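S.K.: Handing you this structure, nothing more for now.
The values are calculated or read from the model by the stated rules, or taken from the named source; none is laboratory data. Note that the structure is a prediction, hence the values are computed from the model and not measured. Because the Cβ atoms are built from the backbone with ideal geometry, glycine has one as well, and the counts that use them run over all protein chains shown.
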Amino acid sequence: MSPVTWVVTTSSGPGRPAMPPVAWFESQASLLAPTSRFCACPYNAPLRCAKVQEFQKGQKASVIGSAGFVEKVSSGRALVPAMAGLLLVLLGHSALALDPRRAIEQYTVQTWSLDQGLPQSTVKAMLQSPEGYVYIATFGGLARFDGVNMHVIPEEPACARRYTSLTLDQRGTLWVGAERGPLCQLVDGRLRRPDISGGDALDRVSIVLASRDGPLWVGTHFGLFAIVNDQVRPIAATGLVEPEILALAEDDSGTLWVGTDQGLCLVSGDACDRPAWAGLLDGEAVRAIYHQGKDLTWVGTEFGLFRLRSGQLEAVDLPAELGRVTALLDDPHGNLWLGTALGGLLRVEPRLERPAEGSVLRLSGVESLMSDREGNLWVGYTGRGIKKLAEGRAYGIRLARFEANQPFLPIAVDAQGELWAGLPCRGVVHFGAAGMRLFDGDDGLVNTCIWSVLPVASGVVWVGTHGGGLYRIDPDQGIQPVPEVKTREGIVRALYQDTQGDILIGTDQGVFRYSSEGSPIVIVPGTEGEDVHFVTRAPDGALWVGTRDGALRVQARDVRRFDESGGLRGRQVRVIHHDADGVVWIGTYGGGLHRLEGDHITVFDRDNGLPDDIVSTLFEDAKGRFWMSANRGVMRVDRAGLNAYANGQAGTFEVALFDRNDGMPASETNGGAQPAGALLDDGRLWLSTVDGIAVFDTRDEAVNALAPPVLIEQVLVDGEAIDHRAGMTLPAGARNLEIRYTALSFRAPERVRFRYRLEGFDDRWVDAGARRVAYFPVIPPGQLRFQVIAANHDGVWNEIGDVFEFEVRPGWTQRPSFYLLLVILALVVGLASARLRSRWAQQRQRELQAEVDQRTAELAKLAELTEHVNRAVKLQQVLDHTYETLHEFVPYDHMILALVDAERLAIRTLWSRRGEQRGVQGREFVGGFRNRGLSELLQSGQPRIIDDLADYLAAHPDSRTTRRLMNEGIKSSIICPLRVGEQAEGFLLLASGQPGAYRDAHVDFLKQLAGQLALAVSKSRLYDELLEAKRELEARNDQLAVLASRDELTGIANRRAFELALDGAWNRAVEDKVPLSLLMIDVDRFKPFNDALGHQAGDECLRRIATALCEDIDIESSTVARVGGEEFAAILPGIDGEQALEIGRRLCRRIAAMAIPHPEGGSRDYVTISVGAATLQASQDSSRGELMRLADRALYAAKSGGRNQAVRDG
């Protein structure tokens, strides 16, 4: 006989929507015996065992204090999908928590306070409920938190808000103690004062604790009390005078330990006696008690920490300045955490550790500690809210020596496994066994703007700088410059040692080679003049070089360039990687990642799934995964997945993005130099960011396997909340269903993702992303089932989720009787319409005969007009003949022919006639295409009838043409476009003094007439008559060209005008023999500004900056232009280099002083600019192109060096 699987759920009755199971077990019998034991897994709680009585399906049971119903699920295999979430809880829990090997400041820290919805910022207690919510007791109320939303629990007036403690009893009831009020409990979502005999004694509650099998213990300022069967019983404290109860803890044997302001006692019966071993604690205020196993107890007091092991109590040596111990807690990985009043958070075991100086975790006032089911540590403070510690994918390293931003750039590892890193314009940092050391100007490093580092086996460290050339740090000879590498700008961005021991040096003027055999440093042929960012060798010995203008492959004298003309999306190549299969991977700045196999290039960018188009560095780990640094974080993707996509074997590829939420010190990484990271043999990956170093463990496969509990929190219909847990039937016509739900995962709650569906309406899943509400404006009738599921930040889904089943009654129009009525009505209407149809057919026959006669006459007229067009010498003859002979077919008093000029910039009247009065050729009909309706009419080719010009003018008051026609007595009109092929040539307008003169029957005839007139206009023998009109149109074009030189958004000169102005300024500078300066200006971090606040805010920001630049640059003959999206330029004739640099700095200060708020916040609160300044003595030997290149390079240096600054080049 197959075993029967039994499931205990927490639904309130049989047939209700399934809730997450609280227990499951197997039995060979169809009924359970009274002595059956089973393993019961309470939802969100550790594995425990419980005993049940004999149950049948649907019979009420009590499991671990919770009411539930037993349901038979047939066989054990059928249970697997239903229990997937619970199995993940059990199997995944051990992989979580805080790795004790990490320093405290290497955990990620998230903060919640008043700004995030806390009712008050002093957090006295925290507790995670069985559902997974975190309840937070503050001096301003009780909050329920799901990681995103703080819900403040409503309360009766009797429940004072200064809450001090929380506990959960066996029935799942939450009890709350208050500093200046009674004991309260959470009932139906509201705090209420319970009806307890003797409850008035429970005033000024300091702590509450629900025992596992006994009473509810309540500690107050006036003593200890026990609540048993809703009766309050005082507990006497032997030898203590009116003790204030400060701490409660129950050990494994069920004994209650009580901390008071006068020492410690243990409860036995109705008394609390001091044990013999507790003499050291007499007179001490015991504020925290924590049992860590059977034989180890920790006691925190007003003045320190004590440890009780095997009956022996001893003091723990701690720094005296910590103040009183307020909280104790251990986590699943063996960390023992200590909260103190003055010293903040400490780790006591496995080692004593305090956060680094300046850390937010060193702040005073720790009040409470909690570890959630995912292993996150929650710390409650006095006046500072909550800080949550979690173990991220990465951790950050920053130097305590510098308080400001620390934009690391090059990182390399030496033969001893020690790290060397460069801080632009601060020096080189060595992370060694003896500690951390900074090499800077005091050590002889003249230029501290470090762009590249390379440790070699001899112990020498090669250092490349921006502007200072190359240096060597020799352990014996100190720091020495390398004068053999001399370039125009002194920039060394790349250092690389190949398998032969040669050192390759990438500079702003090519690649130099230094042989390990001591030969001179020489430039590598084929790389001369190249601005180099990366150097490497392929397995076949070929040299690959990443430059500012693509990638080079150099082998002997064979040089091949891969750039935008050959398929690369970005010009600047930042990294080149050769995989084991011979495929070349090229990372670019702004063009994404490129896969080069043979001559075929596949691009991976934001268009096909890569989170960022910037790839600054790339490392391949032992599992064949690429780790790539970018502006938005670090991307990880399987090489095999990219290959499958490139070969057409897959339509997508999976990629993970890690950022500040995963522990990185900053999301934006640094790049453009080599090496910008280091992958160590132990799998650790060090990557440079704009504010510290991010360290990843590429071998760490830990996944948060804990599927998040999913709960439907609220259901609203037409804005009114309903009791969705009771199941219900909605009335006919119910609309606007709104379902609010949540998923309780706190490791990275902002990355929880949801899917939902409404079965019975649409069974397909809707991907809701991070949105926690579903909207259904229209609710169909019938039986419906809403289901929502969720995944945590690691993509582990709770496939069960939560459900809401309901019925919507059909309206009378949705019932079968209504459709039967419709059928009967259709039959009646059908019989009546058949009789009417016969009469209508006879009438229609007469109308068709008249229409045939009319069309025959129209065709004859068109044939006659065609003959006249071919015979006529002048267009006016054709038009006059048309005007004089069409009255019998179309009513009109006024006829106008207007043409579009060749550039489509204006429409002019070519001919008009009303009676014997003729118009003047060339008179403007309507200027340009400001009239959108007329433009659309010409493009469509379809005539348009206006029945009443007065009504049309009321709707279009700006129409000058309509107003002019009405002044001439015109009441209605028809306009017919003139087209030759697909080209709109103009239009023919017929106007009448009678309203409603034109019908649809006139449309076809006029379309054919317009075709004949269009051919007449286009005939070459009429060109002379149109020449004068064309000349006038060309004059108008010249006026518009002036407008084309202005940027539409900012009103300043555009790119075209800038190019012309620079040409003119350069020629004048050559002639006058004076210097010419150029400023290239870029708005810092404009893309995140635009993405976060929208294009309207972005446009306004650019307009304000443009205005400020023009106001500040008040130099004769200067030009300020917008040359790109967020790029500006300023041409400064006669200004030398020092003056240009000072102007650039002044502009930086001006924009920063405008204090335009930037959404990134932090240390970068406001919008800033970076300025690149360049100056040349204009001559025949130099060019304006060289001036632009120098300014671009200076701008790049300003951006790379930290932004919000001006840098001069030239």
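S.K.: Mind telling me which of the residues Phe696, Phe653 ends up being closer than 24 Å to Gly546 by Cβ, of a type in the set (Phe, Trp, Tyr) and part of a loop (DSSP other than H, G, I, E, B)? Don't jump to the end; show me each part of the working.
M.R.: On the way: Phe696 fails: part of a loop (DSSP other than H, G, I, E, B).
Result: Phe653 is the single residue among Phe696, Phe653 that is closer than 24 Å to Gly546 by Cβ, of a type in the set (Phe, Trp, Tyr) and part of a loop (DSSP other than H, G, I, E, B).
S.K.: Between a residue in segment 172-200 that is in contact (Cβ under 8 Å) with a residue 60 or more places away in the chain and closer than 20 Å to His151 by Cβ and any residue that is part of a strand (DSSP E or B) and of a type in the set (Ser, Thr, Tyr), which pairs come within a Cβ distance under 8 Å, given they are 6 or more apart or on different chains?
M.R.: Sorted first by the residue in segment 172-200, then by its partner, the pairs are Gly172/Ser66.
S.K.: Could you tell me whether Glu1138 is of a type outside the set (Lys, Arg), surrounded by fewer than 15 Cβ atoms within 10 Å (Cβ to Cβ), out of contact with any Ser or Thr (no Cβ under 9 Å at 6 or more places or on another chain) and more than 28 Å from Pro1159 (Cβ to Cβ)? Don't jump to the end; show me each part of the working.
M.R.: On the way: of a type outside the set (Lys, Arg): yes; surrounded by fewer than 15 Cβ atoms within 10 Å (Cβ to Cβ): yes; out of contact with any Ser or Thr (no Cβ under 9 Å at 6 or more places or on another chain): no; more than 28 Å from Pro1159 (Cβ to Cβ): yes.
For Glu1138, the condition - of a type outside the set (Lys, Arg), surrounded by fewer than 15 Cβ atoms within 10 Å (Cβ to Cβ), out of contact with any Ser or Thr (no Cβ under 9 Å at 6 or more places or on another chain) and more than 28 Å from Pro1159 (Cβ to Cβ) - is not met.
Residue-by-condition table, conditions (1) over 29 Å from Leu419 (Cβ atoms); (2) modelled with pLDDT under 95; (3) more than 24 Å from the chain's Cα centre (by Cα):
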| site | (1), (2), (3) |
| --- | --- |
| Gly365 | yes, yes, yes |
| Ser368 | yes, no, yes |
| Ser371 | yes, yes, yes |
| Val379 | yes, no, yes |
| Gly383 | yes, yes, yes |
| Ala390 | no, yes, no |
| Ala394 | no, yes, no |
| Ala400 | no, yes, yes |
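This table checks each residue for (1) closer than 24 Å to Phe534 by Cβ; (2) acidic (Asp, Glu); (3) in contact (Cβ under 8 Å) with a residue 60 or more places away in the chain.
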{"residue": "Pro424", "(1), (2), (3)": "yes, no, yes"}
{"residue": "Ala433", "(1), (2), (3)": "no, no, no"}
{"residue": "Thr448", "(1), (2), (3)": "yes, no, no"}
{"residue": "Trp451", "(1), (2), (3)": "yes, no, yes"}
{"residue": "Val456", "(1), (2), (3)": "yes, no, no"}
{"residue": "Val460", "(1), (2), (3)": "yes, no, no"}
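S.K.: Moving to a separate point now. Consider Arg771 against the criteria (1) closer than 22 Å to Tyr133 by Cβ; (2) assigned to a strand (DSSP E or B): it satisfies all of them except one. Which criterion is unmet?
M.R.: Arg771 satisfies all of (1) closer than 22 Å to Tyr133 by Cβ; (2) assigned to a strand (DSSP E or B) except (2).
S.K.: Out of the residues in segment 614-636 that are part of a strand (DSSP E or B), out of contact with any Gly (no Cβ under 9 Å at 6 or more places or on another chain) and not basic (Lys, Arg), which is farthest from Asp697 (Cα to Cα)?
M.R.: Per the criteria, the residue is Gly633.
S.K.: May I pose another question? Would you mind listing the strands (runs of 3 or more DSSP E) fully within segment 354-416 where at least 2 residues are over 25 Å from Phe145 (Cβ atoms)? Talk me through it step by step, then tell me what you get.
M.R.: Values: elements: 366-371, 377-381, 386-390, 394-397, 411-413.
Filter on segment 354-416 gives 394-397, 411-413.
S.K.: Is it the case, given these coordinates, that Gly177 is surrounded by 15 or more Cβ atoms within 10 Å (Cβ to Cβ), farther than 25 Å from Val258 by Cα and modelled with pLDDT of 90 or more? Walk me through it before giving the result.
M.R.: Values: surrounded by 15 or more Cβ atoms within 10 Å (Cβ to Cβ): yes; farther than 25 Å from Val258 by Cα: no; modelled with pLDDT of 90 or more: yes.
Spelling it out, it is not the case that Gly177 is surrounded by 15 or more Cβ atoms within 10 Å (Cβ to Cβ), farther than 25 Å from Val258 by Cα and modelled with pLDDT of 90 or more.
S.K.: I would also like to ask the following. Give Gly582, Gly567 a once-over and let me know the one that is touching a residue at least 24 places away in the same chain (Cβ under 8 Å), farther than 30 Å from Val485 by Cα and over 31 Å from the mean Cα position of the chain (by Cα).
M.R.: On the way: Gly567 fails: over 31 Å from the mean Cα position of the chain (by Cα).
That would be Gly582, the only listed residue that is touching a residue at least 24 places away in the same chain (Cβ under 8 Å), farther than 30 Å from Val485 by Cα and over 31 Å from the mean Cα position of the chain (by Cα).
S.K.: Something else about it: Quick one: in segment 330-353, of everything that is acidic (Asp, Glu) and outside any loop (DSSP other than H, G, I, E, B), which residue is nearest to Trp112 (Cα to Cα)? Can you show your working first?
M.R.: Step one: filter segment 330-353 for residues acidic (Asp, Glu), giving 330-331, 349, 353.
Next, from what is left, pick out any that are outside any loop (DSSP other than H, G, I, E, B): 330, 349, 353.
Working: Asp330: 22, Glu349: 27, Glu353: 24 Å.
Ranking the qualifying residues of segment 330-353, first place goes to Asp330.
S.K.: Need the failing condition index for Gly214 against (1) modelled with pLDDT under 90; (2) over 51 Å from the mean Cα position of the chain (by Cα), just the number.
M.R.: Every listed condition holds for Gly214 apart from (2).
S.K.: Could you go through segment 1078-1089 and let me know if any residue there is assigned by TED's automatic domain parsing to the domain that holds Leu1049 and more than 25 Å from Pro1159 (Cα to Cα).
M.R.: Yes, because at least one residue in segment 1078-1089 is assigned by TED's automatic domain parsing to the domain that holds Leu1049 and more than 25 Å from Pro1159 (Cα to Cα).
S.K.: Please count how many residues of segment 297-320 are in a loop (DSSP other than H, G, I, E, B) and within 20 Å of Pro275 (Cα to Cα).
M.R.: So in segment 297-320, the residues in a loop (DSSP other than H, G, I, E, B) come out as 302-304, 310-311, 317-319.
Pick out the ones that are also within 20 Å of Pro275 (Cα to Cα) and you get 302, 304, 310-311.
Of the residues in segment 297-320, 4 are in a loop (DSSP other than H, G, I, E, B) and within 20 Å of Pro275 (Cα to Cα).
S.K.: Let me ask something additional. When you scan segment 1111-1177 for strands (runs of 3 or more DSSP E) that lie fully inside it, which ones turn up with 2 or more residues that are under 29 Å from the mean Cα position of the chain (by Cα)? Don't jump to the end; show me each part of the working.
M.R.: Values: elements: 1119-1122, 1127-1133, 1169-1177.
It comes to 1127-1133, 1169-1177.
S.K.: Do you know which residues across segment 798-832 are modelled with pLDDT of 85 or more, of a type in the set (A, V, I, L, M, F, W, C) and out of contact with any helix residue (DSSP H, G or I) (no Cβ under 9 Å at 6 or more places or on another chain)?
M.R.: The answer is Val803, Val808.
S.K.: List pairs: first in segment 643-654 and small (Gly, Ala, Ser), second assigned to a helix (DSSP H, G or I), Cβ under 6 Å, 6+ apart or cross-chain?
M.R.: Close Cβ pairs satisfying both conditions: Ala650/Ala644.
S.K.: Something else now. What's the number of the condition Leu280 fails, among (1) surrounded by fewer than 20 Cβ atoms within 10 Å (Cβ to Cβ); (2) in a loop (DSSP other than H, G, I, E, B)?
M.R.: Tallying (1) surrounded by fewer than 20 Cβ atoms within 10 Å (Cβ to Cβ); (2) in a loop (DSSP other than H, G, I, E, B), Leu280 fails exactly one: (2).
S.K.: Now, a different point. Out of the residues in segment 1047-1094 that are aromatic (Phe, Trp, Tyr) and out of contact with any helix residue (DSSP H, G or I) (no Cβ under 6 Å at 6 or more places or on another chain), which is surrounded by the fewest Cβ atoms within 10 Å (Cβ to Cβ)?
M.R.: Let us first name the residues in segment 1047-1094 that are aromatic (Phe, Trp, Tyr), namely 1058, 1066, 1086, 1089.
Next, only the ones that are out of contact with any helix residue (DSSP H, G or I) (no Cβ under 6 Å at 6 or more places or on another chain) stay: 1058, 1086, 1089.
Working: Phe1058: 22, Phe1086: 19, Phe1089: 21.
The residue in question is Phe1086.
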